[in-house]
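The values are calculated or read from the model by the stated rules, or taken from the named source; none is laboratory data. Nothing here was measured: the structure is a model prediction, and the numbers come from that model. Protein only, heavy atoms only, side chains kept; ligands, DNA and RNA dropped before computing areas. Shrake-Rupley method; radii C 1.70, N 1.55, O 1.52, S 1.80 Å.
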Amino acid sequence: MKKWSTKMLVEAGILIALALILDRIKVYEAPQGGSVTAGSMIPIFLYSFRWGLGPGVIAGAIFGLLQLLLGGWIFTPIQAILEYPVAFGMLGLAGIFSNKVYEENKNSIIGIVTGILLGLGVRFICHFLAGIIFFAEYAGSQNPWIYSLVYQASYLVPEFVISVVILTLIWKPLMKIPK
């Protein structure tokens, strides 16, 4: 576990605040929660790539907790924990690829895409399971598994595309900032 420096804490605070601001800019909002935003996960991915797995998971969980406190959908305590601090904490899994994204070649792009895919993929699984367990009644006559899969993909796939495109465009100059 890395020792948290003042710089790490300040970056975490700034990037979590930026993520919360970007989260308020909705491109599309799904009827029962979830939305396509102006890249709200990018600051958490950026932090995870810079500082690694542990700090990234903690920053993501704090981001999720703050989202919950600022107007999250709460139906049961377990649902709230699964869909906010746990799901958003999983974005920090991108930090597993922090060494790869700092390579000066095409591997940095592969690391970015793979890290985002991993973090967002596990976040997707959290929301998918919550959809099946807590929101199956919204499926109506449809299979709740398929309903949840399609529903979660309707906003998380565009979020994946936005995150990959923007981070791959801005990463090269950002990777030069010293830790």
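A few comments on the model shown:
- Scanning residues 5 or more positions from Val27 or on other chains, those with amide H under 5 Å from its amide H are Val36, Thr37, Ala38, with H placed 1.01 Å from N in the peptide plane.
- Solvent-accessible surface of segment 20-149, taken per residue with a 1.4 Å probe and all protein chains present: 45 Å².
- Value of Rg to Rh for segment 42-146, rounded to two decimals, is 1.08; Kirkwood radius and Rg both from alpha-carbon coordinates.
- Note on the chain: GNM, Cα springs under 10 Å; of Gln67, Gln32, Gln79, the largest mean-square fluctuation is that of Gln32.
- Degrees between helix 144-174 axis and first principal axis of the chain (Cα, 0 to 90, nearest 10): 20
- Scattering profile of segment 108-179 at q = 0.13, 0.16, 0.20, 0.28 Å⁻¹ [log10 I(q)/I(0), Debye over alpha-carbon scatterers]: -0.49, -0.63, -0.81, -1.17
- Surface accessible to a 1.4 Å probe, Phe124 within the full protein complex, Å²: 50
- The apolar share of the surface of the chain, taken as the fraction of accessible area on carbon and sulfur atoms (1.4 Å probe, ligands and nucleic acids excluded), comes to 74 percent.
- The residues Glu29, Glu159, sorted by heavy-atom accessible surface at 1.4 Å with ligands and nucleic acids left out, run Glu29, Glu159 from largest to smallest.
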